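Engineer: Please see the structure below; I have some questions.
The values are calculated or read from the model by the stated rules, or taken from the named source; none is laboratory data. Since the model is a prediction, treat every value here as computed from it, not as a measurement. Backbone-built Cβ (ideal geometry, glycine too); neighbour counts: all protein chains shown.
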Amino acid sequence: MSGPARERLYFDWAATAPLRPEAKAALLEALCDDYGNASSAHAFGRHARAALQRARRTFSDSLGVARDDLFFLGNGSEANLVALDGSVSDLPRDRRHVLASAIEHPSVLEPLERAARNGAIELETLPVDRFGRVAAEELARRLRPTTGLVSVQLVNHEIGTVQPVAELAVLAHGHGALFHCDATQAAGKLDLALPELGVDLLVLSPHKFGGPRGIGVLARRAGVELGTPLSPGRQEQGVRGGTEDVATIVAAAVAWQSARAELHALAASLRELSALLVARLRELLPDVTLHSSTEYGVPGLVNCSFAELRGDWLVAALDALEVAASHGSACSTRAALPSPVLSAIGAADHSTRSLRFSMGRTTTRANVEELARRLHAAVVSLRSR
Ligand SMILES: Cc1ncc(COP(=O)(O)O)c(C=O)c1O
């Protein structure tokens, strides 16, 4: 006879977060009731348009930009693409030097690398220290009179490092360069507003803070150009034509309001949960190597590795024990690809072994205790083979 079902533990919030109940309710209501096309001239269209504009205001007011400077795109990757393609293609001829941190997400690095291959820009990588931080002095040394753009994320997707973005943006602006910031992993965990961060382009992805998938948010400082339209049409000021998905946008705005309201309480609770997990790992598995930093890391993310155990083996062993975790970031979870982030922080030896646990608003201390027990069992079992 089989015993009671084991509780499934979700420790992959950095990959995607469960939909918040209030966002789900808003999504369903808008799907069923706000079905007018936001471009239509009749009452159904006006209703949908008003809902769309309210959602836009929710994001633009909180991010400190005008409504016209807030764009809804298909996801965070698409928002990064639009931001980077635009800022890069609009750079003056004598400003084609671009700096990006070595640990940016592929949705930032790939468009920049492509532009560099096509000869549109000269791309230089900004190294990071052993915690994954871009030092202000490092940026200051690399800025040139020809630097047109600097791109540094706010929080890293694999190890959770928080970058000193406000300080870096001041330096970039001092050299007349634009600053792009991918804040996808920061949203819902850190305060975000363009004026305070001092950046020119900021990207969010609502499915990371309990909104639906299928939407990305791009905020720009007034006057910054965006790239070639993704699709023809007048919607989103011509940047992304096509009938807007009002329900998804409305639900994302509801999730954003909730995430902002609970930001400080959640950050405090996630900080405690991360500390508990680190303490238990050290007790139960003393040979653990930690790659996320307590000092510089975002609350709720722990990245670690274990000698001789590949990250994808551990992910599979944990999955068999009903625990969801990632090897590296979600995009590289299914293959034991070496993590470029671990290599960049000087942990290349561990780059195929990394394991990421990320937590969110429903994670409890009991979940963390149980995770530690199951991880211990997984490590012992893999080592005995
Ligand atoms: C730092 C970072 N940037 C961008 C993205 C891409 O976001 P999306 O999944 O919405 O395309 C992710 C997703 O994991 C991310 O972690």
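Engineer: Considering only residues that are without any contact (Cβ under 8 Å) to a residue 60 or more places away in the chain and buried (at least 16 other Cβ atoms within 10 Å of the Cβ), look in the range 303-315 and name the one that is farthest from ASN367 (Cα to Cα).
Structural biologist: Step by step, filter the range 303-315, then rank; the result is ARG310.
Engineer: Right, here's the next one. Residues in the range 64-106 that are acidic (Asp, Glu), in contact with a strand residue (DSSP E or B) (Cβ under 7 Å, 6 or more places away or on another chain) and more than 15 Å from the ligand (Cβ to nearest atom): how many?
Structural biologist: 1
Engineer: Scan the range 91-105 and give yes if some residue there is assigned by TED's automatic domain parsing to the domain that holds THR228, out of contact with any helix residue (DSSP H, G or I) (no Cβ under 6 Å at 6 or more places or on another chain), surrounded by fewer than 21 Cβ atoms within 10 Å (Cβ to Cβ) and within 24 Å of SER231 (Cβ to Cβ), otherwise no.
Structural biologist: no
Engineer: Among the residues that make up the range 137-146, is at least one of them within 16 Å of the ligand (Cβ to nearest atom) and free of Cβ contacts under 8 Å to residues at least 40 places away in the same chain?
Structural biologist: Within the range 137-146, not a single residue is within 16 Å of the ligand (Cβ to nearest atom) and free of Cβ contacts under 8 Å to residues at least 40 places away in the same chain.
Engineer: Being within 15 Å of the ligand (Cβ to nearest atom) and in a helix (DSSP H, G or I) is the filter here; which residues of the range 173-196 pass it?
Structural biologist: Within the range 173-196, no residue meets the criteria.
Rundown of residues vs (1) polar (S, T, N, Q); (2) touching a residue at least 60 places away in the same chain (Cβ under 8 Å); (3) within 16 Å of the ligand (Cβ to nearest atom); (4) crowded, with 24+ Cβ neighbours inside 10 Å, yes/no style:
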| residue | (1), (2), (3), (4) |
| --- | --- |
| GLU110 | no, no, yes, no |
| GLU122 | no, no, no, no |
| THR125 | yes, no, no, no |
| GLN153 | yes, no, yes, yes |
| ASN156 | yes, yes, yes, yes |
| ILE159 | no, yes, yes, yes |
| LEU171 | no, no, no, no |
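Engineer: Looking at (1) more than 16 Å from the ligand (Cβ to nearest atom); (2) over 26 Å from GLY223 (Cα atoms); (3) small (Gly, Ala, Ser), which is the one condition that is false for ALA50?
Structural biologist: Result: ALA50 fails condition (2) only.
Engineer: Among (1) surrounded by fewer than 15 Cβ atoms within 10 Å (Cβ to Cβ); (2) in a helix (DSSP H, G or I); (3) touching a helix residue (DSSP H, G or I) at 6+ places or on another chain (Cβ under 9 Å), there is one condition ARG141 misses while meeting the rest; what is its number?
Structural biologist: Status for ARG141: all satisfied but (3).
Engineer: Which number in (1) assigned by TED's automatic domain parsing to the domain that holds GLY211; (2) within 16 Å of the ligand (Cβ to nearest atom); (3) not charged (D, E, K, R) marks the one condition that GLN257 misses?
Structural biologist: With (1) assigned by TED's automatic domain parsing to the domain that holds GLY211; (2) within 16 Å of the ligand (Cβ to nearest atom); (3) not charged (D, E, K, R) applied to GLN257, the lone miss is (2).
Engineer: On to the next question. Any residue in the range 376-385 that is part of a loop (DSSP other than H, G, I, E, B), of a type in the set (Lys, Arg) and in contact with a Lys or Arg (Cβ under 8 Å, 6 or more places away or on another chain)? Lay out the reasoning, then the answer.
Structural biologist: Keep residues of the range 376-385 that are part of a loop (DSSP other than H, G, I, E, B), which gives 385.
Subsequent filtering for residues that are of a type in the set (Lys, Arg) retains 385.
Imposing the further condition that a residue be in contact with a Lys or Arg (Cβ under 8 Å, 6 or more places away or on another chain) reduces the set to none.
There is no residue in the range 376-385 that is part of a loop (DSSP other than H, G, I, E, B), of a type in the set (Lys, Arg) and in contact with a Lys or Arg (Cβ under 8 Å, 6 or more places away or on another chain).
Engineer: Can you pull out every residue in the range 173-191 that is among the acidic types (Asp, Glu) and either in contact with a His (Cβ under 8 Å, 6 or more places away or on another chain) or buried (at least 24 other Cβ atoms within 10 Å of the Cβ) (or both)?
Structural biologist: ASP182
Engineer: Considering the range 16-40 alone, what residues qualify as being small (Gly, Ala, Ser), at pLDDT below 95 and surrounded by fewer than 19 Cβ atoms within 10 Å (Cβ to Cβ)?
Structural biologist: Correct list: GLY36, SER39, SER40.
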